Amino acid sequence: MAYYYDEPSHTFSEYLLVPGYSDENCIPDRVSLKTPLVKFKKGEEPSISMNVPLISAIMQSVSNDTMAIALAKEGGVSFIYGSQTIENQAAMVRRVKNYKAGFVVSDSNIAPEATLADVLELKEETGHSTVAVTEDGTSNGKLVGIVSSRDYRVSRMSPDTKVSTFMTPLSKLVTAPVGTTLKEANDIIWEHKLNSLPIVDGRGCLQSFVFRKDYASHKENPLELLDSHKRYIVGAGINTRDYAERIPALIEAGADVLCIDSSEGFTEWQRKTIQWVREHYGDTVKIGAGNVVDRDGFRFLAEAGADFIKIGIGGGSICITRETKGIGRGQATAVIDVAKARDEYFEETGIYIPICSDGGIVHDYHITLALAMGCDFCMLGRYFARFDESPTNKILVNGSYMKEYWGEGSARARNWQRYDLGGAKKLSFVEGVDSYVPYAGPLHDNVATTLSKIKHTMCNCGALSIPELQKKAKLTLVSGVSIVEGGAHDVVVKDTNTHN
């Protein structure tokens, strides 16, 4: 006989937080949203933590290198989508790791005998206006000069003009030796009013750059998430088919953490993938798994060795898995159940495995509810797809600007690996839709508003950290009538614009 759950499963919109006592220290500016990304032992610190509890979904329409850079600046992590060639995904990871660092290895290099046309082509390719001129045109060749946008005028110069004739030569550059600290480098930049400072070794060979804009960026983004080399942290999605070829390429490119991208994680395919990682890399490579919706699924992936576990089946705004296959669970109930399993596992083993709510987030307060229910962070797709930094087109639809947004199981993406159950290598039927979402502007402004709401709500609950929120939170189920009561009602609203 089939097993029947006694209670119906619930969504986030069916819950509210009940306020708790807030003392005089409980103000939003003092709230910390720091949270672990990967598992750790009791009494130890996780090897990777985030400064905000947000990660972007492993989707073609959400997470590319541009999104990863923008989100890392805010303190979160993007998982670059894996439904592309291994080479393209690795290149995206590499661009994130090279984009921002205290000491940046130059990826825009040219030889002095090259031409202005070559400089313009290189600038178009890399997006960088500062080009190092080295004797052999490599990133570590002997430095002979620099070309920046102020060194040439396209309208007044021939495309075949030699770089050596218009570059700023080494004799006019301020450089610093290898061993210069980041603070010392920034002091030199400010003292000499430079935009960039080349770091050279004893032979005069270029080793790296320190950029003025990176210092300013850090001051503007105090929560930015950096690795030990001051590079942005970035994740990457993988599947359970080509992991033996994809993972080495992603690790070589610099990926800090991986995640198996699958609609359903309670499978032998995921266990084998994690096992392969442990056999080849031990615990040095961090890999998340999922998705699951109950205690059994969590225990399976925990015992398989997952570093974090994602929760949610069929709750995404573009996901129609529940309609097409009849599987899934209300997201709030799934989170509550898995959080209990996570706590039980921690008590038994002393190993804390972070859990992530993936899908079902419609309003900003749903993130706070997910955290209160036990999640360590949330994965968001639709939310991030609306921003300038997502990889999709901004188009005008019926007088309003929209961004394209499609599911990995849609006919457009055809990411069959995500729904792979070991059968034919194809998407037999769609489990996602192709859609639009309202354009919302830059990520920074929107995330700042979302985080402010989370912090204010946490203060209403008397909590200054996510663990304290989970300890103190009081949640109540609400009726359909009270949901109506919670919004504007019995009035004529002047402004029909709504916000998350």
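The values are calculated or read from the model by the stated rules, or taken from the named source; none is laboratory data. This one's a predicted model, so the numbers in the text were calculated from it and none came from an experiment. So basically every Cβ, Gly included, is an ideal-geometry build from the backbone, and we count neighbours across all protein chains shown. Surface areas here come from the heavy atoms of the whole protein model, side chains and all, with no ligands, DNA or RNA. Shrake-Rupley method; radii C 1.70, N 1.55, O 1.52, S 1.80 Å.
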Taking region 195-231 as the region of interest, how many residues are in contact with a helix residue (DSSP H, G or I) (Cβ under 6 Å, 6 or more places away or on another chain) and over 25 Å from residue 29 (Cβ atoms)? 5
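Rundown of residues vs (1) touching a residue at least 60 places away in the same chain (Cβ under 8 Å); (2) among the aromatic types (Phe, Trp, Tyr); (3) in contact with an Asp or Glu (Cβ under 6 Å, 6 or more places away or on another chain); (4) buried (at least 22 other Cβ atoms within 10 Å of the Cβ), yes/no style:
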{"position": "55", "(1), (2), (3), (4)": "yes, no, no, yes"}
{"position": "58", "(1), (2), (3), (4)": "yes, no, yes, yes"}
{"position": "63", "(1), (2), (3), (4)": "yes, no, no, yes"}
{"position": "68", "(1), (2), (3), (4)": "yes, no, no, yes"}
{"position": "80", "(1), (2), (3), (4)": "yes, no, no, yes"}
{"position": "85", "(1), (2), (3), (4)": "no, no, no, no"}
{"position": "102", "(1), (2), (3), (4)": "yes, no, no, no"}
Could you give every pair whose Cβ atoms fall below 6 Å, whose first residue belongs to region 356-369 and is among the polar types (S, T, N, Q), and whose second residue is open to solvent by less than 10 Å² (accessible area, probe 1.4 Å), counting only separations of at least 6 or pairs across chains? 357/311; 357/335; 357/370; 357/375; 357/378; 368/454
Before we move on, is residue 217 under 36 Å from the mean Cα position of the chain (by Cα), assigned to a helix (DSSP H, G or I) and in contact (Cβ under 8 Å) with a residue 12 or more places away in the chain? yes
Since residue 327 meets every condition but one in (1) over 17 Å from residue 264 (Cβ atoms); (2) of a type outside the set (Gly, Ala, Ser); (3) open to solvent by 10 Å² or more (accessible area, probe 1.4 Å); (4) not in a helix (DSSP H, G or I), which condition does it not meet? (1)
Residue selected from region 149-188 under the condition closer than 26 Å to residue 124 by Cα and hydrophobic (A, V, I, L, M, F, W, C), by the criterion least open to solvent (accessible area, probe 1.4 Å): 163
Could you run through region 24-50 and say how many residues are exposed (fewer than 13 other Cβ atoms within 10 Å of the Cβ) and in a helix (DSSP H, G or I)? 2
With the requirement that a residue be open to solvent by 20 Å² or more (accessible area, probe 1.4 Å), at pLDDT 90 or above and assigned to a helix (DSSP H, G or I), what does region 118-148 give you? 118, 120, 121, 122
Taking the condition over 20 Å from residue 185 (Cβ atoms), touching a Leu at 6+ places or on another chain (Cβ under 9 Å) and assigned to a loop (DSSP other than H, G, I, E, B), does residue 160 pass? yes
